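Student: Handing you this structure, nothing more for now.
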Amino acid sequence: NAGVMQNPRHLVRRRGQEARLRCSPMKGHSHVYWYRQLPEEGLKFMVYLQKENIIDESGMPKERFSAEFPKEGPSILRIQQVVRGDSAAYFCASSPSGLAKADTQYFGPGTRLTVL
Amino acid sequence: GENVEQHPSTLSVQEGDSAVIKCTYSDSASNYFPWYKQELGKRPQLIIDIRSNVGEKKDQRIAVTLNKTAKHFSLHITETQPEDSAVYFCASGYSTLTFGKGTMLLVSP
């Protein structure tokens, strides 16, 4: 059973470009969570999605950031017009059902975004 | 929203000693309390978790205790080994997780 997959593992963008990060959950998991981790800091929740629905986006910056989890294909976190402050590791996690059922979240390897 | 405080931020122990990391949370609705271990440049790996209907859980050298009344939970590692050296994160939540800032554990041979 393949784990959570993320690609690319490393992404370099220049200021003003778009960054698109992909996450494929574990087989059988329909819940995806995105987190951002700045150097030497903890994980900050960004957004929680189910297939075709955003459940909680309370941690997402109001501008430039968006996320989707289509019926087919991976979940995508999009950052438009990147700035240097967006440089971070972005992790996604998946669970078989929502946390209201106290399900374990399994993390992907992360995408390390560097903005030049 | 939920607020999770984690202490200490760094912890140095000798191999064979015990290590204890403590966390407090603010939202009484939180019902799930996992602990993750993260090595440098790697993904967070779940090492143990506890749910709100349980006060203590043990898995070999690792144990977690939960006090819902006081809103705190702790990670206990016994007989520490150098390979236990990593950053440990606590988290709590109901539908989403809020993480503590992490504890860097260094186990010296």
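Student: Enumerate the calculated ³J(HN,Hα) couplings along the range A:107-114 in order (Karplus 6.51 cos²θ - 1.76 cosθ + 1.60, θ = phi - 60°), each rounded to whole Hz, writing x wherever the residue is Gly or Pro.
Tutor: Once rounded to whole Hz, the list reads 8, x, x, x, 10, 9, 9, 10.
Student: If you take every residue apart from B:H7 with its C-beta less than 15 Å away from the C-beta of B:H7, what net charge results, scoring Lys and Arg +1 and Asp and Glu -1? Please list the in-between numbers first.
Tutor: Details: positive: B:K22, B:K71, B:K101; negative: B:E5.
With Lys, Arg at +1 and Asp, Glu at -1, the neighbours total +2.
Student: Using only alpha carbon pairs under 8 Å that are at least six residues apart, calculate the relative contact order of chain A and give it in whole percent. Don't jump to the answer; show the numbers that get you there.
Tutor: On the way: 293 pairs, mean separation 42.2, N = 116.
Relative contact order for chain A comes out at 36 percent.
Student: Tally Lys/Arg at +1 and Asp/Glu at -1 over every other residue whose Cβ is under 10 Å from the Cβ of B:A91; what's the total?
Tutor: Numbers: positive: none; negative: B:E2, B:D49.
Around B:A91, the charge tally is -2.
Student: Could you list A:H10, A:H31, B:H76 so that the one with the fewest beta carbons within 10 Å of its beta carbon is first and the one with the most is last?
Tutor: Values: A:H10 11, A:H31 23, B:H76 17.
In order of increasing Cβ crowding within 10 Å: A:H10, B:H76, A:H31.
Student: Next question. If you plug each phi of the range B:74-81 into the Karplus form 6.51 cos²θ - 1.76 cosθ + 1.60 with θ = phi - 60°, what whole-Hz ³J(HN,Hα) values come out, in order, with x for Gly and Pro?
Tutor: Result, ordered by residue: 9, 10, 10, 10, 9, 6, 4, 10 Hz.
Student: Another question, if that's okay. Residues of the range A:23-55 with amide nitrogen under 16 Å from the 7 Å Cα-to-Cβ point of B:A29?
Tutor: Inside the label zone: A:48, A:55.
Student: As an exercise, use a Förster radius of 35 Å and the Cβ-Cβ distance of B:R61 and B:E5 to find the FRET efficiency, rounded to the nearest 0.05.
Tutor: On the way: r = 25 Å, r/R0 = 0.71.
That gives a FRET efficiency of 0.90.
Student: With θ taken as phi - 60° and the coefficients 6.51, -1.76 and 1.60, list the Karplus ³J(HN,Hα) couplings across the range A:72-80 in order, rounded to whole Hz; mark glycine and proline as x.
Tutor: Each residue of the range A:72-80 in turn: 10, x, x, 7, 10, 9, 10, 10, 8 Hz.
None of the figures in this text is laboratory data; all of them are computed from the coordinates on show. Just so we're clear, the structure is a prediction, and the values are computed from it rather than from any experiment. With ideal geometry, Cβ positions are generated from the backbone for all residues, glycine too; neighbour counts draw on all protein chains shown.
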